[in-house]
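Enquirer: Structure provided below as structure tokens; questions to follow.
Bear in mind that the values in this text are calculations on the coordinates, not laboratory data. What you are looking at is a predicted structure, and each value in this text was computed from that prediction instead of being measured. Positions of Cβ are backbone-derived with ideal geometry, glycine not excepted, and every protein chain shown enters the neighbour counts.
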Amino acid sequence: MNDHRDPVAHVVLVLGAILFVAPLWLVFVGSTQDSAAIARGDLSVLPGNEGFGVYAGVLAGPVPRMLLISLGMALAIAIGKIVISILSAFAVVFFRFPGRHVAFWLIFITLMLPVEVRIIPTYSVMSDLGLINTFTGLWLPLIASATATLLFRQIFVAIPDELVEAARMDGAGPLRFLWDIVIPVSGANIAALFVILFIYGWNQYLWPLLVATNPNLDTIVIGIVKMIAVETQTDWSAVMATAMLALLPPVVVVVVMQRWFVSGLTEGEK
């Protein structure tokens with residue numbers, strides 16, 4: 001039975017890989033071809049004669065700065081979400097205080113509110129704090145995550161009560177218990193969540209577009225959109241080269257943390 005299924009599974013996997021890789025290949029070969037030919041629709045499936053010279057021109061412009069801004073924003077969002085979610089889930093699970101379940105459900109309810117509903121009051125708060133057109137304003141409102149809090153809560157409730165009692169008998173305080181036991185036990189899940197949140201932060205478009213009108217604070221996603229001119233001819237080879245460069249940091253993060261990412265998604269209760 002399995003022998004008959006394996007060829008079908010391989011064919012499906014190959015077709016899926018082609019569907020994912022084909023657009024990336026077209027973007028890559030487009031970055032090595034003449035922009036006028038691309039605008040005419042004469043995009044070849046093989047690298048063009050322009051070579052990699054366009055990458056040098058792109059890297060000589062504002063693209064490196066935009067990559068650094070996106071990298072800093074993605075790291076701040078991922079780390080901030082993880083830290084806040086761990087602390088909030090830790091408090092809800094291991095501390096007994098009035099209204100802790102109400103606090104958790106209030107956090108959970110925010111999952112039902114899309115970003116578009118919250119974006120105007122969030123902008124108002126950032127304006128009152130003087131964080132419009134600042135790097136802090138790019139990431140600070142995005143570091144709270146109800147989803148991550150819920151995931152960490154499910155991980156923490158699986159920690160045996162015996163382990164909690166043993167730590168208490170050894171004189172471990174809450175912070176030591178969190179650092180020495182809870183975080184190591186959740187290491188694979190933290191790594192998996194970091195990859196997801198990093199990509200989430202890297203792909204942000206609506207909030208940076210709204211909160212940062214200063215061109216010096218453009219993220220790489222905003223920069224690519226601005227490069228696609230409306231009234232003038234678009235330099236499509238530069239756009240595609242920038243898009244290829246924008247893919248590198250998320251790909252590096254996924255490749256480096258692949259083992260922990262898969263482990264965090266597949267491991268069961270500890």
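Enquirer: Using only the Cα atoms of the chain, what are the Rg and Dmax in Å?
Expert: 23.2, 74
Enquirer: Let me ask another. What longest region of the chain stays clear of GluC sites (Glu not before Pro) that DSSP places outside H, G, I, E and B and that have at most 10 other Cβ atoms within 10 Å? List each step's numbers first, then the result.
Expert: Numbers: sites that count: GLU231, GLU269.
Segment 1-230 is the longest.
Enquirer: Which chymotrypsin sites (Phe, Trp or Tyr not before Pro) in the stretch 83-150 sit in a loop by DSSP (not H, G, I, E or B) and have at most 12 other Cβ atoms within 10 Å of their own Cβ? Please report the intermediate quantities before stating the final value.
Expert: On the way: sites: PHE90, PHE94, PHE95, PHE104, TRP105, PHE108, TYR123, PHE135, TRP139; in loops: PHE95.
Counting only loop positions with at most 12 other Cβ atoms within 10 Å, the chymotrypsin sites (Phe, Trp or Tyr not before Pro) in the stretch 83-150 are PHE95.
Enquirer: What is the distance, in nm, between label points placed 7 Å from the Cα along the Cα-to-Cβ direction at LEU113 and at GLN154?
Expert: 2.3 nm
Enquirer: Pull out the extension gain between LEU24 and ARG259, defined as 0.36 nm times the separation in residues minus the alpha carbon to alpha carbon distance; nm, one decimal. Intermediate results must be reported in sequence, preceding the final value.
Expert: Numbers: separation 235, 0.36 × 235 = 84.60 nm, distance 2.38 nm.
Contour length minus the Cα-Cα distance gives 82.2 nm.
Enquirer: Another question, if that's okay. Summing +1 for each Lys or Arg and -1 for each Asp or Glu, what net charge is found among the other residues whose Cβ lies under 14 Å from the Cβ of PHE95?
Expert: Working: positive: ARG96, ARG100, ARG153, ARG168; negative: none.
Combined, the nearby Lys, Arg, Asp and Glu give +4.
Enquirer: In the stretch 171-190, whose amide N lies under 18 Å from the spot 7 Å out along Cα-to-Cβ of ALA103? List them in ranges.
Expert: Backbone N within reach: 174-179.
Enquirer: Using Cα-Cα distances under 8 Å and only pairs 6 or more residues apart, what relative contact order does the stretch 54-266 have, in percent? Don't jump to the answer; show the numbers that get you there.
Expert: Details: 188 pairs, mean separation 79.4, N = 213.
The normalised contact order for the stretch 54-266 reaches 37 percent.
Enquirer: Something else: Taking the chain as a Gaussian network, Cα atoms linked when under 10 Å apart, which of ALA166, ALA76, ALA56 shows the biggest mean-square fluctuation?
Expert: Sorting by GNM fluctuation, first place goes to ALA166.
Enquirer: Using 0.36 nm times the number of residues separating VAL164 and VAL125, minus their current alpha carbon distance, what extension gain do you get?
Expert: Details: separation 39, 0.36 × 39 = 14.04 nm, distance 3.95 nm.
Result: 10.1 nm gained on full extension.
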